[in-house]
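Student: Structure provided below as structure tokens; questions to follow.
The values are calculated or read from the model by the stated rules, or taken from the named source; none is laboratory data. Keep in mind it's a predicted model, so treat the numbers as computed, not measured. No Cβ is skipped: glycine too gets one built from the backbone with ideal geometry, and neighbour counts run over all protein chains shown.
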Amino acid sequence: MTATAILTPSEGAALAIHGAPGHGEGGPASKFVVVSYGFWIFLLSDIVMFAGFFAAHAVLQNAIDGGPAGSALFHRNTVALETACLLLSSFACGLSWAGASARRMAWTQSALFVTGLLGAGFLALEAREFAEMIGAGAGPQRSAFLSSFFALVGCHGAHVSVGLLWLATMMAQLRIKGFRAQIQRRLLCFNLFWHMLDIVWVAIFTLVYLLGGAR
């Protein structure tokens, strides 16, 4: 003998609004949540890769093989300017998401443009730093320390370069398609990616330039 559920009028109305169980508040997550969650998993895998580079550099910081150490190579003013560019670009990137949430196209595009401009400035300063080091005979082949330095900092720079290409694509998509749902999701993922690069750079600044430059 099976029991028949008896619904009150209020419960029946709720069922009519939310549908069958599994499709209301406790049902499948929205695509916005699913995409965000999936992108977080990608970012975590990227962070694991950076952790390997950090570990290698921490072990090899003293393996200079008679070559120059970080204290003789790093220019703190240049590094400070690089850091300022990336931190300000992260702030501008956050403003782009605020503008997109408010559906203000000029605000969003201006913030993305400033983000790209500061990111490009960061890359230009980093490229000049690399060129000066290689010109002085302190290239990645000179010592294990320098190999780990170029691998770690260069990997971060490559991520910034990819981020700038993504940013340009997002600006074009916003201009053509506007604030569609899929564009909003892509812009959120870009924001997460760019802020992750900012966090990784803070770790590089601390481990490589502050601690390594003091050796």
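Conditions (1) in contact (Cβ under 8 Å) with a residue 60 or more places away in the chain; (2) buried (at least 19 other Cβ atoms within 10 Å of the Cβ); (3) more than 21 Å from V202 (Cβ to Cβ), marked per residue:
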| position | (1), (2), (3) |
| --- | --- |
| L87 | yes, no, no |
| S90 | yes, yes, no |
| G94 | yes, no, no |
| F113 | no, no, yes |
| L117 | no, no, no |
| E132 | no, no, yes |
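Student: Let me ask something else. Condition check: surrounded by fewer than 15 Cβ atoms within 10 Å (Cβ to Cβ), at pLDDT below 95 and aliphatic (A, V, I, L, M). Does A181 satisfy that?
Tutor: Answer is yes for this residue.
Student: Let me ask you something else. Identify, from the list M196, M171, the residue that is touching a residue at least 40 places away in the same chain (Cβ under 8 Å), in contact with a Leu (Cβ under 6 Å, 6 or more places away or on another chain), surrounded by 13 or more Cβ atoms within 10 Å (Cβ to Cβ) and more than 21 Å from F53 (Cα to Cα). Even if it seems obvious, please write down each step before you answer.
Tutor: Working: M196 fails: more than 21 Å from F53 (Cα to Cα).
Sole residue among the options that is touching a residue at least 40 places away in the same chain (Cβ under 8 Å), in contact with a Leu (Cβ under 6 Å, 6 or more places away or on another chain), surrounded by 13 or more Cβ atoms within 10 Å (Cβ to Cβ) and more than 21 Å from F53 (Cα to Cα): M171.
Student: Let me ask something else. State whether the residues of segment 62-75 include one that is assigned to a helix (DSSP H, G or I), among the hydrophobic types (A, V, I, L, M, F, W, C), at pLDDT 70 or above and surrounded by 11 or more Cβ atoms within 10 Å (Cβ to Cβ).
Tutor: Pass one, segment 62-75, residues assigned to a helix (DSSP H, G or I): 70-73.
Checking the rest, the ones that are also among the hydrophobic types (A, V, I, L, M, F, W, C) come to 72-73.
Those still in the list that are at pLDDT 70 or above too: 72-73.
With the extra rule that they be surrounded by 11 or more Cβ atoms within 10 Å (Cβ to Cβ), the set shrinks to 72-73.
Within segment 62-75, one or more residues are assigned to a helix (DSSP H, G or I), among the hydrophobic types (A, V, I, L, M, F, W, C), at pLDDT 70 or above and surrounded by 11 or more Cβ atoms within 10 Å (Cβ to Cβ).
Student: Do you know which residues across segment 47-61 are surrounded by 16 or more Cβ atoms within 10 Å (Cβ to Cβ) and closer than 30 Å to R186 by Cβ?
Tutor: F50, F53, F54
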